[in-house]
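What follows is a short report on a single structure.
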Amino acid sequence: QEQLVESGGGLVQPGGSLRLSCVASGSIGRITTMGWYRQAPGKERELVAAVISGGSTNYADTVKGRFTISRDSAKNTVDLQMNSMKPEDTAVYYCNVVSQRLGIFHTYWGQGTQVTVSS
């Protein structure tokens with residue numbers, strides 16, 4: 001059964017760091033995109049960072065220079081290194097995977113992991 005397993009969330013102080021990891025398992029097909037989204041209370045879900053097949057990356061303006069996304073295609077994993085974290089980074093972070101199987105695209109979401117930045 002297809003599944004995205006996230007890990008690495010938690011509580012950090014402003015200026016601290018966290019590393020989120022996501023692994024895709026099961027018959028997920030050929031992965032074309034892996035990324036991270038986040039949703040803060042009262043706000044819409046937003047893209048944080050993504051890696052497209054071929055290696056191109058996309059970052060939200062608010063995290064550029066602080067967050068780094070990396071993908072291991074062989075292991076079907078994607079990590080998000082978060083440095084210099086700010087209270088506004090507090091949100092539930094969701095791993096996202098887009099894959100193709102038999103010419104059909106599928107979107108998968110992790111269960112979400114809480115990230116809290118607070119003193």
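Quick notes
- On the chain, 48 percent of the accessible area sits on carbon and sulfur atoms, based on a 1.4 Å probe.
- In this rough spin-label picture, where each label sits 7 Å from Cα along the Cβ direction, the Gln3-Gln100 distance is 2.8 nm.
- Residue range of the chain that is longest and free of trypsin sites (Lys or Arg not before Pro) which are both DSSP loop and sparsely packed (at most 12 other C-beta within 10 Å): 76-119
- On full extension, the segment bounded by Ala60 and Ser27 gains 8.9 nm, given 0.36 nm per residue less the C-alpha separation.
- Pairwise centroid distance, computed over Cα atoms, of the range 52-74 with the range 88-112, Å: 14
- Selection of GluC sites (Glu not before Pro), the range 1-98, meeting DSSP coil and at most 10 other Cβ within 10 Å: Glu44
- Heavy-atom surface of the chain, accessible at 1.4 Å and reported per residue (Å²): 53
The values are calculated or read from the model by the stated rules, or taken from the named source; none is laboratory data. These figures come from a predicted structure and were not determined experimentally. In this analysis, Cβ positions are derived from the backbone assuming ideal geometry, glycine residues included, and neighbour counts consider all displayed protein chains. Quick note on the areas: whole protein, heavy atoms, side chains included, nothing else; ligands and nucleic acids left out. Shrake-Rupley method; radii C 1.70, N 1.55, O 1.52, S 1.80 Å.
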